[in-house]
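Rule-based calculations on the coordinates, nothing more; no lab input. Owing to the predicted nature of the structure, the values given are computational and were not obtained by experimental measurement. Every residue, glycine as well, gets a Cβ built from its backbone with ideal geometry; the counts of neighbours run over all protein chains shown.
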Amino acid sequence: MTTTTRTGAVAACVAASLALAGCADSGTESAGSSQLNIATMTFPQSLDPAQAVGSSLPFFQAAYDTLVKREPDGRFSPMLATSWKYNADRTQLSLTLRKGVKFADGTAFDGAAVKANMERFKKGGGADAKWLKDLESVKVADATHVTLDLERPNPAMLFYLSDAAGLMANPKKFGQADSLKTAPDGTGPYRLDKAKTTIGTKWVFRRNADYWGERLPYENITIIFFDNETAIVNGLKTGQVNAALLQAADQQVSIESDPRMKTTKQEFDFQGLLLFDRDGKLTTALKDPRVRQAMNHAIDRETMLSAIRQRRGQITSQVFGPDTQGYDRSLDTYYSHDPAKAKALLRQAGYAKGFTLKLPRISAIVNDALAASLATDFKAIGVNLVWDDLDGASAVQKVFTDRAYSGMVMNIGQSSSDWVVVNELVTPGAFNMFGTSDATVRELIPRIQTGTAEQAKQSVRALNEHLVKQGWFVPFYRMTYLHVSDGSVKISPQSGMAVPSIYNYSPAK
């Protein structure tokens, strides 16, 4: 299963695959145009938007609006901000705000609320707080006009404002301990029905009769947590669930045989080995790019895709997805399966006898088949892969805090924003925890960040090619996911997210 739909959510990357709550009960309302039941295998630990992450964004979209709306194709459209404009050097973003919008308790939404929310998100310590690291200040001109002053241009700022960083909550609740954690207070299309909600099992949202915007098709939306996809498939077939995302290949095959179900494919997450230790701090061999290149040539991606994913996906050697400007189709097949070439590269690097690589293994992410496949492929070139089994309680601490491993096999969502990919995987941070860089990376990143549109496009493509050829990562394949409805719902996949936005569901007829 996937670990996250956003690359910035470190803890969520592990937690989504390790959710410990039980399967939902069957006490949901019957299906129909007034009711939508959505299955999920991930859920927020809190409904406070300061802690929001992309993998659980639909929970927040029900109760909160974002400043900017992201359409299914990735375009940005007005929401709480009706218009926006950058200054010449893109270090100021001016927003015009919608009038007449109110929070759940009747408090008016205004510029002061934007300032309070954005400052709180930046300082709140949430998984995606770094998204606003370039935000110096929020200047409030009046109730409907604010300006975001940026330390440097941030090419993904509109993307962030359409995601967790753009969620707007009632500032009156900020001083009340844990108030928003279980009682969201936003301007969104729905209100949480606390009487019918069981945190950890199901969340019931009823229509906000006073919503400022267009009414969504459903009177009530229930999001139900399941701890396995077999239960989700059963829920779809029995009518407990109207819509779900299936990631496991065998479950996709199972549901496609049912003529009542409607399915839509989406290629989103890539699965691969994220190398953290390109400076050789823990595993000296990884400092040499020839070793990293050898590891890429060792992987039999075609066989893995066939055996593990039943060919439901696309092999790749790059971390940039097809929706980005940095994507280059030819780089998907840059590394062929060539053990002889891999051995030659290891000899040239001084590792003719190979080396030992210790990696963490979380069974929900790395199943037995994948673990065995990787160990076999690496053994064939002399690399001894040692798995260190971790549980949910220790994974985040040992991997991201203690920095105890040279890499980790993960599923990572491929954002539609080039800068999101660069900022999360290339600049220093959770997934570049040792701060690896080189002359080419240092030259190209400023061009992507501050250059013209054409300069940024050419630079990000050059950066992608450089990362692939230097073996910064060892991607395996992009995985094809399946959006499924029981036939009563039309689902539109969301660019840049594995799960659809709450706005992307409508009655099929």
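Tabulated results
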{"read-out": "Shape category assigned to region 169-213 from the gyration tensor of Cα positions, a/c cut at 1.5", "value": "oblate"}
{"read-out": "The chain - percent relative contact order, Cα under 8 Å, separation 6 or more", "value": "22 percent"}
{"read-out": "Positive minus negative residues near D277 (Lys, Arg vs Asp, Glu; Cβ under 13 Å)", "value": "+4"}
{"read-out": "Backbone N under 15 Å from the N367 label point (7 Å along Cα→Cβ), restricted to region 297-331", "value": "304-313"}
{"read-out": "Spacing of the two label points (7 Å from each Cα toward its C-beta) at K358 and A183, in nm", "value": "4.9 nm"}
{"read-out": "In nm, spacing of pseudo-spin labels at E151 and F76 (7 Å Cα→C-beta vector)", "value": "2.0 nm"}
{"read-out": "Three-way shape label, region 440-509, alpha-carbon gyration tensor, a/c 1.5", "value": "oblate"}
{"read-out": "Where Cα atoms sit under 27 Å apart: lysine pairs in region 132-265 separated by 8 or more or lying on different chains", "value": "23"}
{"read-out": "Linear extension gain, D338 paired with T376, 0.36 nm per residue minus alpha-carbon span", "value": "12.3 nm"}
{"read-out": "Length gained when the stretch S257-A209 is fully extended (0.36 nm per residue, less Cα-Cα span)", "value": "13.3 nm"}
{"read-out": "Listed residues V460, Q348, M433: farthest to the positive end of the dipole of region 267-480 (Cβ charges)", "value": "Q348"}
{"read-out": "Ranking of M497, M295 by count of other Cβ atoms within 10 Å, fewest first", "value": "M497, M295"}
{"read-out": "Net charge over other residues, Cβ less than 12 angstrom from the Cβ of Q348 (K, R count +1; D, E count -1)", "value": "+3"}
{"read-out": "³J(HN,Hα), Karplus 6.51/-1.76/1.60, whole Hz, each residue of region 346-353, x for Gly, Pro", "value": "5, 4, 4, 7, x, 10, 4, 8"}
